[in-house]
Amino acid sequence: MAINLYRIDDRLIHGQVVVGWGQPLNVRFLVLVDDLVASSDWEKELYRMAIPPEMEIYFADVGTAIRDHARYASDPRPGLLITGDIGSMYRLVKGVKAIGSVNLGGIHHRAGRAEKLRYIFLTPDEERQLHELEAAGVEVTAQDVPSARAVPLPEVLDGDSL
Amino acid sequence: MNDAKGGGTDQPRAIVVGHGEFAGGLVSAVGQICGLADKLVVLSMMGMTPEDIEGAIRAELARTGAKVIFTDLPAGSATLAARRIVHDDPDLILVSGVNLATLLDFVFNTAVSPTEAARSAAERGKASLIVVGR
């Protein structure tokens, strides 16, 4: 599979993704899955200008990403797929059924969310969706940068790593 | 977020935003070298959502009247937030990839508008990158 990392990060394209993960994984293409971004030429241009020239970026809404996932996965280049929220990744995983692991990279504080790690805040509904993913056989871990320890979902939800 | 201390009495002319302690460190260095750190406002974005970063930059621009935003990394969250802000206000200017030489040139160049000074400082910053050795 050419997609080396499936990441949930509300910042979408940013330093940790492009440099922190992009360099050690030698990422050559990004798939940004977000319904809002995919529908806006301005948003797409904004993110396109943020990536280095050696990377290609594809934009897709969740439905398109489900349809085109096999094409991304058969790309011989190393790739990284990112969503900005748990709900989008949840829908993608349910639609594709070939995603074995999901990385929680950054889900920050908003009303209704409780702190689990310094970079992970979750609502009860988001917790439920992550539980469902693991129950379906998807490994869910939290890891902001490659040098950090991958924290398993039960440990994340316990909040013991705070 | 904190205002950097240094010499001078005018309002800050630019906001500096970066990862970790980068912005604070750069502005601290400006203060140490020339005492003009108070021409710059430091914004830390640690632990902030993109919306928070954008809101914090907008708030500092409104508070200080600054017309220039310096950010560290073209792919960074702060740069993306600043690009949204500059898109909305053509009187503002963003310089990404800031370094110490850029900021030093900027704070000394009071003969032109802050936006013109920022363009000039960006060129100085690019030229300051040198490689020595084989």
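The values are calculated or read from the model by the stated rules, or taken from the named source; none is laboratory data. If you're wondering where the values come from, they're calculated on a predicted model, not measured in any experiment. All Cβ positions, glycine included, derive from the backbone under ideal geometry; neighbour counts span all protein chains shown.
The table below lists the values:
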{"read-out": "Qualifying residues in segment A:1-29 (those that are away from chain B (no Cβ under 14 Å) and in a loop (DSSP other than H, G, I, E, B)) - the one modelled with the lowest pLDDT", "value": "A:MET1"}
{"read-out": "Residue in segment B:43-88 that is surrounded by the fewest Cβ atoms within 10 Å (Cβ to Cβ), counting only those that are of a type in the set (Gly, Ala, Ser) and at the interface with chain A (Cβ under 7 Å from one of its Cβ atoms)", "value": "B:GLY47"}
{"read-out": "Count - residues of segment A:111-125 that are away from chain B (no Cβ under 13 Å) and in contact with a Leu (Cβ under 9 Å, 6 or more places away or on another chain)", "value": "3"}
{"read-out": "Subset tally (residues that are part of a loop (DSSP other than H, G, I, E, B), more than 23 Å from A:GLU115 (Cβ to Cβ) and either of a type outside the set (A, V, I, L, M) or more than 13 Å from the chain's Cα centre (by Cα) (or both)) for segment B:45-92", "value": "9"}
{"read-out": "Flag for A:ALA150 being exposed (fewer than 15 other Cβ atoms within 10 Å of the Cβ), at pLDDT 95 or above, more than 22 Å from A:TYR47 (Cβ to Cβ) and hydrophobic (A, V, I, L, M, F, W, C)", "value": "yes"}
{"read-out": "Condition met for A:VAL145 (closer than 24 Å to A:ASN4 by Cα, out of contact with any His (no Cβ under 9 Å at 6 or more places or on another chain) and in a loop (DSSP other than H, G, I, E, B))", "value": "yes"}
{"read-out": "Any hit, segment B:98-120, residues being part of a loop (DSSP other than H, G, I, E, B), more than 11 Å from the chain's Cα centre (by Cα) and among the hydroxyl-bearing types (Ser, Thr, Tyr)", "value": "yes"}
{"read-out": "Test: A:GLY105 is out of contact with any Leu (no Cβ under 6 Å at 6 or more places or on another chain) and either of a type in the set (Gly, Ala, Ser) or more than 20 Å from A:THR141 (Cβ to Cβ) (or both)", "value": "yes"}
{"read-out": "Top-ranked residue of segment A:68-123 - restricted to ones that are farther than 14 Å from A:ASP10 by Cβ and hydroxyl-bearing (Ser, Thr, Tyr), ranked as surrounded by the most Cβ atoms within 10 Å (Cβ to Cβ)", "value": "A:TYR90"}
{"read-out": "Residues located in segment A:1-21, provided they are closer than 18 Å to A:VAL140 by Cα, out of contact with any His (no Cβ under 8 Å at 6 or more places or on another chain) and not aliphatic (A, V, I, L, M)", "value": "A:ASN4, A:TYR6, A:ARG7, A:ASP9, A:TRP21"}
{"read-out": "Selected residue [in contact (Cβ under 8 Å) with a residue 12 or more places away in the chain and buried (at least 19 other Cβ atoms within 10 Å of the Cβ)] from B:THR102, B:THR115", "value": "B:THR102"}
{"read-out": "Considering residues of segment A:15-74 that are among the aromatic types (Phe, Trp, Tyr) and in contact (Cβ under 8 Å) with a residue 24 or more places away in the chain only, the residue nearest to A:VAL145 (Cα to Cα)", "value": "A:TRP21"}
{"read-out": "The listed residue being in contact with a helix residue (DSSP H, G or I) (Cβ under 6 Å, 6 or more places away or on another chain) and either farther than 27 Å from B:THR79 by Cβ or within 14 Å of another protein chain (Cβ to nearest Cβ) (or both), out of A:ILE66, A:ILE82, A:ILE86", "value": "A:ILE66"}
{"read-out": "Residue pairs meeting the criteria (Cβ under 6 Å; at least 6 apart or on separate chains; first part of a helix (DSSP H, G or I), in segment A:77-97; second charged (D, E, K, R))", "value": "A:ILE86/A:GLU126"}
{"read-out": "Test result for A:LEU32, in contact with a Leu (Cβ under 7 Å, 6 or more places away or on another chain) and within 14 Å of chain B (Cβ to nearest Cβ)", "value": "yes"}
